Structure formats: C-alpha cells, structure tokens
Amino acid sequence: MNKVYNNRAWWLILPMLLLVAFSAIIPLMTVVNYSVQDVFDAQTRYFTGTEWFVQMLNDPVLQSALLRQFAFSLTILAIEVPLGIGIALLMPKRGWRASAVLILVTLPLLIPWNVVGSIWQLFTRGDIGLMGWSLRELGYGYNITSSPLDAWVTIIIMDVWHWTPLIALLCYSGLRAIPEAYYQAARIDRASRWSVFRYIQLPKLTNVLVIGILLRFMHSFMIYAEPFVLTGGGPGSSTTFLSQSLAIMATGQFDVGPSAAFSLIYFLIILLVSWVFYTAIMNMQKDKQSGEA
C-alpha cells in the first residue's frame, strides 16, 4: 500500500521558517558580510577578505580572553555537574517536601542575569555586604576591585549559586524517570548505594547530563552580564571574558569589521567545543554499553 503524502503540511511550518530567517539567518549573513569589509560609513567600505580574521586570531588581548574563558567554563563545569548530581540525589522524591524543595532550588534561576550581578555586588561589599564584611571581620582583606583572585573566586561562586539548580533539576527529572523495578532488583541483590548510583542511576542520567553540560558550557562561554555588573572586567582585565571584549570592540570602539570577524570565530569555537563534548560523552556511553555486552 502506497503512502499518501500531503505536502500542504509544509505550509504549517512556514511561519517558523520565516521567524528563523529574520531572527537568525539574515543577521548572520549580515555579520558575514561585515567581516570581510572595512566599513568607514554607510557609503564607504572596502573588501578586505580574511584580513580581519587573521588579525583577530593573532590578537594577544583576545587570546588572553579566550584562555580566561576556557578556564572559567571548565572550572564551573567541574563544580556544577557533580554538585548538581549530589543535590538531585538528596532531594525528596515525593510529598510536600519535594514540592517545597523544587521551589527553593528553582528560585536562583528566576533571577535575571544583570540582577544577579547587582545582588552579588552588594553582597561582597566590605561596608554593607554580608560576605565582604564577614571576611574582613575574620581578618581577610577581601576586595574584588583590587585582587584578581578574589574577583575570580567570587564570579565562580556566583555562577555556581545561580546555575547549579539547572543541573540539579535536570538530574532530578532523570532520576524520577527510572522505573522502580530497577531499585527493587538492586535491593534483592543487596547492592550498595554506590553500586546503585554507578550501575543504575548514572547510566540513566547520561542523556540529561549531556543536555546539562552543553547548556552550561554554551552559557558560561557567552557569559556577559554577571561579571560585567560585578567587576566590570577588572581588576585590570583579569575577569574580562570574550563577550566583554567583543562588546567593547563592537559598541565602544565601533570596529565593525574586526568585531564581526571575531563574533564568527566566537560562534565557531562554541559549536566546535560543544560538538567535541557531545561526541566524547556519546562515545564513552557506547564503549561502556559494548563492554557490558
């Protein structure tokens, strides 16, 4: 029996295609156009080819910002993923306590990014901030405006507080999806809690962890509002990440061509690293499954 295809269904996705075209494809093509030109004004521009790309790749300022960006993203992934899994394992599974804990865990995610930076800016002040005042009373000269170490640690703690709940909620949903029969079999075999986690819970969390790691990497690699509000990129340029460097170049210096080339390089780095993360995790899962088989 031959299937009958109704091609008129494509008209149903036409509004979405138009929305994507105007919100993503056309702006992207505009950036590509600017990246190969030297723009002086609306009427004066010259073709430069790959000159801006070479200049951006060899810029020591942007290279330093890239290293800081990788260091920040890898650090928060190393902290937030294990911490999020641990929180999910400790969360109640049912009853009013489960609902209350879910609400409390979700609260940091509801706060806008720029407000998070303002909250932590007040929290870390030495005169009125609870954290800054407490550390100074304990004898530690805490100051995010003069100490790069204090600024880095504060930004990492701020990001962990803000985004670990996302990993915890994803892992919690994955744990809740595991059938009770698996736990019953583990109890019959008298499996330890570590064995249950290693052989039942962690394998079932692989898919949600892939989503969580990719989301957190992409967002942390594009972080802008929180460190900009908290430290302004300082002290010096110690907390100036790629997004801030791009914003300074595009809106502060109005270097349209170089900033367009840099934004494309930025975009490709995120795509490449995300693909590497995804491929590595999927290969690890396949190797584990083939080894168990």
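Key figures
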{"item": "Net dipole in debye of the chain [+1 Lys, Arg Cβ; -1 Asp, Glu Cβ; about Cα centre; nearest 20]", "result": "1500 debye"}
{"item": "Stretch in the chain that is longest and holds no trypsin sites (Lys or Arg not before Pro) that DSSP places in a loop and that have at most 14 other beta carbons within 10 Å", "result": "191-293"}
{"item": "Accessible area in square angstrom per residue, the range 52-292, 1.4 angstrom probe", "result": "54 Å²"}
{"item": "In sequence order, calculated HN-Hα J values of the range 113-129 (Karplus, 6.51, -1.76, 1.60; Hz; x Gly/Pro)", "result": "4, 5, 5, 4, x, 5, 4, 6, 5, 5, 5, 9, 5, x, 9, 10, x"}
{"item": "Nonlocal amide H pairs with Asp38, under 5 Å, H built at 1.01 Å", "result": "Tyr46, Phe47, Thr48"}
{"item": "Segment Leu14-Ile128, extension gain: residue separation times 0.36 nm, minus the distance between their alpha carbons", "result": "35.6 nm"}
{"item": "Global geometry of the chain, whether rounded, prolate or oblate, following the gyration tensor of its Cα atoms and the 1.5 cut on a/c", "result": "oblate"}
{"item": "Leading residue at positive end of dipole, the chain (Cβ point charges), from Ile111, Tyr182, Ile157", "result": "Tyr182"}
{"item": "Accessible surface of the range 45-104 [probe 1.4 Å, protein heavy atoms]: carbon and sulfur percent", "result": "72 percent"}
{"item": "Arg125 long-range amide H proximity, modeled H, under 5 Å", "result": "Gly132"}
{"item": "FRET E, pair Val31, Thr106, Förster distance 30 Å, beta-carbon r, rounded to 0.05", "result": "0.30"}
{"item": "Dipole of the chain, positive end: most advanced residue of Thr239, Leu90, Gly257 [Cβ charges, Cα centre]", "result": "Leu90"}
{"item": "Gyration tensor (alpha-carbon) shape descriptor, the range 1-150, a/c threshold 1.5", "result": "oblate"}
{"item": "Neighbourhood charge, 13 Å Cβ-Cβ cut-off, centred on Ala168 and excluding it, Lys, Arg +1 and Asp, Glu -1", "result": "+1"}
{"item": "Euclidean distance of C-alpha centroids, the range 16-64 and the range 172-225, integer Å", "result": "41 Å"}
{"item": "Hz values of 3J(HN,Hα) by residue in the range 161-175 - Karplus curve (6.51, -1.76, 1.60), Gly and Pro given as x", "result": "5, 6, 10, 4, x, 5, 5, 4, 5, 5, 5, 4, 5, x, 5"}
{"item": "Full-extension gain in nm, Arg45 to Arg136, via 0.36 nm per residue minus C-alpha separation", "result": "27.3 nm"}
{"item": "For the range 78-92, Karplus couplings with θ = phi - 60° (6.51, -1.76, 1.60), whole Hz, Gly/Pro x", "result": "5, 8, 6, 5, x, 5, x, 5, x, 5, 4, 5, 8, 6, x"}
{"item": "Relative contact order [Cα under 8 Å, 6+ residues apart], the range 123-187, whole percent", "result": "14 percent"}
{"item": "Approximate spin-label separation Ile281-Ser147, in nm, with each point projected 7 Å along Cα-to-Cβ", "result": "3.5 nm"}
{"item": "Taking the chain and dividing mean pair separation by its residue count, relative contact order in percent (alpha carbons under 8 Å, at least six apart)", "result": "27 percent"}
{"item": "Difference of contour (0.36 nm per residue) and Cα-Cα distance, Leu67 to Thr251", "result": "64.0 nm"}
{"item": "Contact order normalised by residue count of the range 138-292, Cα under 8 Å, 6+ apart, percent", "result": "25 percent"}
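The values are calculated or read from the model by the stated rules, or taken from the named source; none is laboratory data. Note that the structure is a prediction, hence the values are computed from the model and not measured. Don't worry about glycine lacking a Cβ; one is built from the backbone with ideal geometry, like all the others, and counts go over all protein chains shown. Side chains are part of the model used for accessible areas, which takes the heavy atoms of the whole protein and leaves out ligands, DNA and RNA. Shrake-Rupley method; radii C 1.70, N 1.55, O 1.52, S 1.80 Å.
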